[in-house]
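The values are calculated or read from the model by the stated rules, or taken from the named source; none is laboratory data. If you're wondering where the values come from, they're calculated on a predicted model, not measured in any experiment. In this analysis, Cβ positions are derived from the backbone assuming ideal geometry, glycine residues included, and neighbour counts consider all displayed protein chains.
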């Protein structure tokens, strides 16, 4: 019996030791699998790195494709890059923004991650918005606004929300940078309650250089638990006479109605990301000097650049979805050339180039789809050259009233779509057909 007990005792001790060893081995194995340098962690990191490399390679393919056209090498721009990114990733999956420094930001919507295309074509990691949201805290200087409110700027860093009015807007289904009262304007919101045009600005800061103005791209009112994208800049900088250059616009923004209206000291280039759809009155009466490109995403641009007296030359392809150019360049008195490629489907050119008194050249072709040409070129006394009009508009009062009246001006209108007789009758009815300064061929 004693020998048997000894054997049993040894067996129990061995069992305990075995269990301890197994537990140690299990702990080591788990650490090796799941630790910071564990096999699973390394495998996940390797997977992420592979996916990142694949995304960058796909972006590089799109960049190269955007630079090659039927005519050979082409300058990289928002629109041609966006077209190639749509082919590579699917339409609506990415947003392109020209950063104004020969680089482009590419935002992947689903991944909430940005990449940067440098001037040499190299692709760099940009902002990881999920990571930025997880780490963001309201800055110490933020006093007036609740500390639960966190705004993350276009640079991925927290911004002082004391400088911004904001409210959620149902029109664009995201936060807008202005007050609730302003967003109730019927001009902006057809279901709004304010019939008067309220011109309050949403930016309360004092910075003047756009590089120093960091616009919020995401806003949380719950201390970072959930974020809304900033989708509207309705009147955000309205009548701000201090601002001198454009800040970077968030790639989440859809509406820029009247954003920089009456910003008379705003100079330089107009640069808008390929997320924006509405730029009605966006730069009206501002000092903007150059329009680099109109994003293909834009569908409405009524009055966008009216009374912009610093504009001298415009070379633009108007996006295919734009139906109205009503008043778009109205009273741009120093505009000399408006080389506009107009889309088939454009309907209204009412007041488009009204009283552009320095204008010598307008669009080469007016498409057949245009039905309203009321006062399109009225007052353009220096207008000269050739213009093909394919349209037979139903509204055409004063199209060429006081146009091409300067001594050296002579405008030759070429008929298109067999509408020569209609055009002659139209201009005669308009009281401007004199056979000398305006000729229909």
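Mind checking which residues of segment 139-158 are in contact (Cβ under 8 Å) with a residue 24 or more places away in the chain, surrounded by 13 or more Cβ atoms within 10 Å (Cβ to Cβ), more than 19 Å from the chain's Cα centre (by Cα) and assigned to a loop (DSSP other than H, G, I, E, B)?
Listed by number, the residues that qualify are 147, 149, 157.
Return yes or no: is residue 385 touching a strand residue (DSSP E or B) at 6+ places or on another chain (Cβ under 6 Å), modelled with pLDDT of 90 or more and farther than 21 Å from residue 325 by Cα?
yes
Of 327, 345, 303, which residue is in a loop (DSSP other than H, G, I, E, B) and surrounded by fewer than 24 Cβ atoms within 10 Å (Cβ to Cβ)?
Just one listed residue meets the conditions, 345.
Out of the residues in segment 181-198 that are surrounded by 20 or more Cβ atoms within 10 Å (Cβ to Cβ) and not in a loop (DSSP other than H, G, I, E, B), state the one that is nearest to the chain's Cα centre (by Cα).
183
Confirm whether residue 178 is buried (at least 17 other Cβ atoms within 10 Å of the Cβ) and part of a loop (DSSP other than H, G, I, E, B).
For residue 178, the condition - buried (at least 17 other Cβ atoms within 10 Å of the Cβ) and part of a loop (DSSP other than H, G, I, E, B) - is met.
Please go through (1) under 26 Å from residue 277 (Cα atoms); (2) without any contact (Cβ under 8 Å) to a residue 24 or more places away in the chain; (3) surrounded by fewer than 16 Cβ atoms within 10 Å (Cβ to Cβ) for residue 167 and return the number of the only condition it doesn't satisfy.
(3) is the only condition that residue 167 fails.
Given 315, 296, which one is in contact with a helix residue (DSSP H, G or I) (Cβ under 6 Å, 6 or more places away or on another chain) and within 30 Å of residue 97 (Cβ to Cβ)?
296
Going by the conditions given, is residue 257 over 25 Å from residue 101 (Cβ atoms), assigned to a loop (DSSP other than H, G, I, E, B), in contact (Cβ under 8 Å) with a residue 60 or more places away in the chain and under 14 Å from the mean Cα position of the chain (by Cα)?
Yes: the conditions hold for residue 257.
From (1) in contact with a helix residue (DSSP H, G or I) (Cβ under 6 Å, 6 or more places away or on another chain); (2) free of Cβ contacts under 8 Å to residues at least 12 places away in the same chain, pick out the condition that doesn't hold for residue 131.
Every condition holds for residue 131 apart from (1).
Scan 316, 311 and give me the residue that is part of a strand (DSSP E or B), more than 15 Å from residue 376 (Cα to Cα), touching a strand residue (DSSP E or B) at 6+ places or on another chain (Cβ under 8 Å) and touching a residue at least 24 places away in the same chain (Cβ under 8 Å).
Result of the check over 316, 311: 316.
Tell me yes or no: at least one residue of segment 226-237 is under 22 Å from residue 171 (Cα atoms), in contact (Cβ under 8 Å) with a residue 12 or more places away in the chain and surrounded by fewer than 20 Cβ atoms within 10 Å (Cβ to Cβ).
Scanning segment 226-237, I find at least one residue that is under 22 Å from residue 171 (Cα atoms), in contact (Cβ under 8 Å) with a residue 12 or more places away in the chain and surrounded by fewer than 20 Cβ atoms within 10 Å (Cβ to Cβ), so the answer is yes.
Please go through segment 112-128 and give me each residue that is surrounded by fewer than 15 Cβ atoms within 10 Å (Cβ to Cβ), touching a helix residue (DSSP H, G or I) at 6+ places or on another chain (Cβ under 8 Å) and without any contact (Cβ under 8 Å) to a residue 60 or more places away in the chain, ordered by number.
Of everything in segment 112-128, nothing turns out to be surrounded by fewer than 15 Cβ atoms within 10 Å (Cβ to Cβ), touching a helix residue (DSSP H, G or I) at 6+ places or on another chain (Cβ under 8 Å) and without any contact (Cβ under 8 Å) to a residue 60 or more places away in the chain.
Step by step: first the residues of segment 262-277, then only those that are without any contact (Cβ under 8 Å) to a residue 60 or more places away in the chain and buried (at least 24 other Cβ atoms within 10 Å of the Cβ), then the one that is farthest from residue 246 (Cα to Cα). Which residue is that?
276
Of all residues in segment 89-106 being closer than 18 Å to residue 57 by Cβ and touching a helix residue (DSSP H, G or I) at 6+ places or on another chain (Cβ under 9 Å), which is surrounded by the fewest Cβ atoms within 10 Å (Cβ to Cβ)?
93
Taking residue 389 as the residue in question, decide whether it is touching a helix residue (DSSP H, G or I) at 6+ places or on another chain (Cβ under 7 Å) and surrounded by 18 or more Cβ atoms within 10 Å (Cβ to Cβ).
Here the answer is yes, as residue 389 does meet what is asked.
Mind checking which residues of segment 13-67 are closer than 30 Å to residue 119 by Cβ, surrounded by 13 or more Cβ atoms within 10 Å (Cβ to Cβ) and modelled with pLDDT under 85?
If the condition is that a residue be closer than 30 Å to residue 119 by Cβ, surrounded by 13 or more Cβ atoms within 10 Å (Cβ to Cβ) and modelled with pLDDT under 85, then 52 is the only one that fits.
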